[in-house]
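Below is one structure, written out as C-alpha cells; the observations come after it.
Read-outs throughout are calculated quantities, based only on the coordinates presented, and are distinct from any laboratory measurement. Given the structure is predicted, the values throughout are model-derived calculations rather than measurements. Note: ideal-geometry Cβ built from the backbone for every residue, glycine included; neighbour counts use all protein chains shown.
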Amino acid sequence: MKTVVCPYCGFGCKLLIDPETLRVKPYRGEPNRGKLCPKGLHSVEIVNAKDRLKRPLKRAGSSMVPVGWGEAMDEIAGKLLEIRELYGPDAVAFLASSKVSNEENYLLQKIARLFGTNNIDNCARLCHEASVHALKLTLGTGAQTNPYEDIERFKSVLIWGYNPAETHPVVMDYIRRARKGGARVIVVDVRETTTMAFADYKLIIKPGTDIALANAIVHVIIEEELYDEEFIRSRTVGFSEVRMAVRKYTPEYAERVTGVPAETIVEVARALALAGSGAVMWGMGLTQHVSGVENVLAVIDIALLLGYIGEKGGLYPMRGQNNVQGAAYMGALSEFLPGYVPLTDEKFRKRVASLWGVEDLPTERGLYLTELWDAIEGGDLKALYIVGENPAVSEADFMKVRKSLRKLDLLVVQDIFPTRTARYAHYLLPASAFCEKEGSYMNSERRIQWSERVCEPVGDSKPDWEILTMLGRALGLPGFNYTSVEEVTAEYFRLFPELEEKSVEKLKNSDGIFLPKKRLHTWEFATPDGKARFMAVEMITPWEAPDEDYPLVLTTVRLIGHYNTGEMTLRSPSLVRLMGEPRALINEEDAEKLGIKSGDWVEIETRRGRIRMRAEIGNVPQRLIVVPFHFKANRLTSPALNKAGTPEFKFAAARVRKLGNP
Ligand code: SF4
C-alpha cells in the first residue's frame with residue numbers, strides 16, 4: 001500500500017492506495033485516524049478520466065495541436081523573455097496552485113522572483129487571505145494556531161461561517177469527541193447547516209452582520225466581567241479601545257441588526273466564558289465579505305478576551321484546498337516571501353536570494369490574483385502562466401475574467417484536465433495527477449506530510465515539479481538542475497530554521513512535521529513586543545444592497561461530494577451519482593410568492609449574469625437564496641474586494657424567477 005495525501009480539502013487526510021487495484025482505504029494514523037469522506041474515498045477515479053491531458057499542445061488558429069516538450073518549453077520561455085524585454089518583468093504573472101505540492105509551489109514562486117516579479121499568487125487569495133491579514137495584525141503569525149487533536153480537549157467549540165460537516169467532514173469527528181467530553185458547541189451561520197445538527201446553540205444571523213454579533217458577545221463578556229484579566233494584562237494590548245468600541249453593541253442592539261435574540265447572545269457569551277477553554281473555528285462565511293478582515297478580527301477579539309489561545313484554546317481558520325496552507329508557506333503569495341516573511345525584510349530576502357544564487361529579489365508587492373484581470377484590461381499584464389487553477393470558473397464575476405483571458409499575448413495552462421480556462425490557452429501542458437507523483441503537502445494545522453507515488457503518469461504528462469524545472473532551465477535561471485523532487489524538498493527545508501536539521505527521510509517516515517511547531521503562542525506572540533493586539537472594529541455593510549430589482553441575497557456554499565469548480569469531482573462517476581443534480585435552496589414563503597415548487601427550474605440573476613438550476617424549498621431564512629459554488633455560481637457573484645483582495649462571494653443582490661420545466 002502507498003500512502004498518499006488526499007487531493008481535496010485542507011484537512012489533509014492520508015489515503016492508503018493499493019498500486020495494483022487502485023483501491024483506497026483510510027490511513028489509521030494522524031490526522032484522519034481511519035476516517036475518510038466520500039471525496040477522498042473516490043479520489044482515484046479521476047486518474048483515468050477519458051479527457052486527461054496526455055501530451056503538450058499549442059494553439060494553431062482555433063485549434064490546439066501536439067508539440068514536443070522541448071519545443072514547447074523553448075517557445076514559452078522565448079515569449080516570456082521577449083515580453084520582459086519589451087515591457088519589463090511585471091508584465092508577466094504566475095498563478096500557483098493550492099492543489100500541487102510544496103515543492104511545486106516553491107519552484108513556481110522561485111521562478112517568478114528570479115524572473116524579476118512578485119506577480120505570484122494562489123487561490124488562498126480567494127478564501128482565507130483575510131484570515132492571514134487579521135492573524136498577522138493580531139498575533140504576528142498568519143495560520144491556524146493549534147493542532148486538530150486539541151479540539152477534543154477544549155470545553156467549547158465556536159464554529160463561525162463554517163460548515164465542516166460538508167467541507168471538512170473528518171474534522172467533525174474531533175468536534176463530536178469534544179462534545180462527548182462536555183464541550184458546548186456553538187454554530188453561527190446565515191442558514192440552518194448540517195453542522196448545526198451537532199450544536200448546543202444555533203445562531204442564524206442576517207448575512208453580513210457578523211461584526212455586530214461578535215461585538216455583542218464581547219460586550220456581554222466585558223459587562224459581566226467574565227474575561228481572563230491576567231491573560232489580557234500580561235499578554236495583550238488594546239483592551240480599553242475594544243471596551244470603548246463595543247459599548248454600543250448591546251445584545252438588544254445586536255438583536256435588531258443580526259436577528260439573533262438578545263437572550264441567546266447573552267447565553268452564548270456566558271457559555272463560552274464559563275467553558276474555560278475553547279476552539280474558535282471559522283471558514284469562508286467570515287472571510288468572503290468586503291468586511292472579511294474585520295470579521296475575523298472581531299471573532300479573534302472573543303478568543304483574546306477569554307485567553308483561548310495557546311494552551312487554553314486555539315484559532316482554526318480551516319483551509320479549503322489540500323495544499324493551500326503549503327502554497328502560502330512556500331511564498332506563492334504576492335506580498336510574502338516563504339514563511340509569510342514580508343518582502344521588505346531585507347535580511348531574509350537577501351538570504352533567500354543568496355540561496356538561489358543571485359544578489360537580491362524584487363521588493364514591490366505583486367498583483368493579487370483578483371487584480372490580474374484589471375491589469376490585463378489596462379494593458380499592463382501581457383502574459384500569464386497558470387499551474388492547476390481555473391480562474392475562468394473560480395473567480396467572482398467570471399465573465400469579466402474570461403474577457404480578459406482572451407486579451408493576453410501569452411497564456412500557459414499547466415493542468416491535468418482541459419479546464420474551462422484551458423480554452424483560452426496558447427500552450428496547454430499536461431501535468432501528473434496527485435497519485436502519479438510524490439512530494440510534500442501542508443494541511444490546515446501546518447502539518448507537512450509526504451505523499452507517495454502510486455502509479456506512472458498517464459501518457460506524456462509529467463509531475464509539475466519536472467515541468468517547472470524545465471521552465472526554469474529554459475529561462476536560463478540559476479539553480480534549476482533538480483533531478484529529484486527530494487532535492488527541492490531539501491532546498492525549501494533550508495529556508496526554515498525549524499526544518500534545517502531535519503531530513504527528507506525523517507519526513508517520509510513520520511506522521512508529518514509541524515511548521516514551525518505544533519502549538520503556537522503558548523508563551524508569547526510573534527509581534528515586536530510579544531503581545532497580541534485587540535482590534536476594535538465597526539460594522540461594514542456589504543457592497544451590494546438588495547433593492548426593488550434584486551430583492552434577494554444570494555450566498556454560495558460547498559457540498560460534501562463536490563469540490564471547488566468541479567473539474568475533479570464532476571469527473572468522478574461515484575461522486576456525481578452520490579450527489580445527484582444541484583439545487584438552489586429557497587425559503588418556503590419566498591417560493592410561494594414566486595410560484596416555485598421543489599424541483600422546478602428557476603433562473604437566478606444578479607447584475608453580473610444569470611444561471612439556471614432546479615430549486616429546492618429549504619430551511620433557509622426569507623429573502624436568502626443559497627447556491628452551490630461548484631456549478632458556475634461565479635457568473636453571479638460580486639467582484640467587490642476586501643482589504644486582503646478576497647471577493648465578496650457570500651453576498652450579492654439577486655432575483656429569481658420560475659422557468660417552464662423542460
Ligand atoms: Fe479528503 Fe478532506 Fe474528505 Fe479528508 S475530509 S477525505 S482530506 S476531502
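Worth a mention:
- DSSP-defined antiparallel bridges as percent of all bridges, the chain, nearest 5: 45 percent
- Here the contact order of the range 322-425, divided by its residue count and restricted to Cα pairs under 8 Å and six or more residues apart, works out to 18 percent.
- Once C-alpha pairs closer than 8 Å and six or more residues apart are averaged by separation and normalised to the residue number of the chain, the relative contact order reads 21 percent.
- Number of Lys pairs (Cα under 30 Å; 8 or more positions apart or on different chains) in the range 327-414: 4
- The orientation-averaged projected area of the convex hull spanned by the Cα atoms of the range 129-318 comes to 9.2 nm².
- Pairwise Cα separations in the chain fall into 20 Å bins from 0 onward with the following percentages, short to long: 19, 54, 25, 1.
- Partner lysines for residue 50 [C-alpha distance under 18 Å; skip if fewer than 8 residues away on the same chain]: 462
- Spatially proximal lysines relative to residue 14 (Cα-Cα < 22 Å; intrachain offsets below 8 disregarded): 2, 25, 35, 39, 99, 437, 502, 506, 508, 517, 518
- When each of the peptides 285-294, 487-496, 415-424 is scored by the mean number of other C-beta atoms lying within 10 Å of its residues, the order from highest to lowest reads 285-294, 415-424, 487-496.
- Computed over the alpha-carbon pairs of the range 507-662, the distance histogram in 5 Å steps reads 2, 8, 14, 15, 14, 12, 10, 8, 7, 6, 4, 1, 0, 0 percent, short to long.
- Packing-based order for 463-473, 74-84, using average beta carbon neighbours within 10 Å, highest first: 463-473, 74-84
- Using every pair of distinct Cα positions in the range 189-280, the Kirkwood expression returns a hydrodynamic radius of 14.0 angstrom.
- Neighbour counts of other Cβ atoms within 10 Å put 523, 543, 601 in the fewest-to-most order 523, 601, 543.
- The chain - mean residue ellipticity at 222 nm from DSSP helices (-39,500 (n - 2.57) per run, n ≥ 4, rounded to 500): -8500 deg cm²/dmol
- Given +1 at the Cβ of Lys and Arg, -1 at the Cβ of Asp and Glu and no other charges, the dipole of the chain around its Cα centre is 1340 debye to the nearest 20.
- Karplus (6.51, -1.76, 1.60) ³J(HN,Hα), θ = phi - 60°, over the range 315-331, in Hz, Gly and Pro reported as x: 9, 10, x, 6, 6, x, 8, 5, 10, 5, 5, x, 4, 5, 5, 7, x
- Size descriptors for the range 367-443 (Cα atoms only): Rg and Dmax, in that order, 13.4, 40 Å.
- The relative contact order of the range 552-658 comes to 37 percent, based on Cα pairs under 8 Å that sit 6 or more residues apart.
- Antiparallel bridge percentage (DSSP; both residues within the range 520-620; nearest 5): 55 percent
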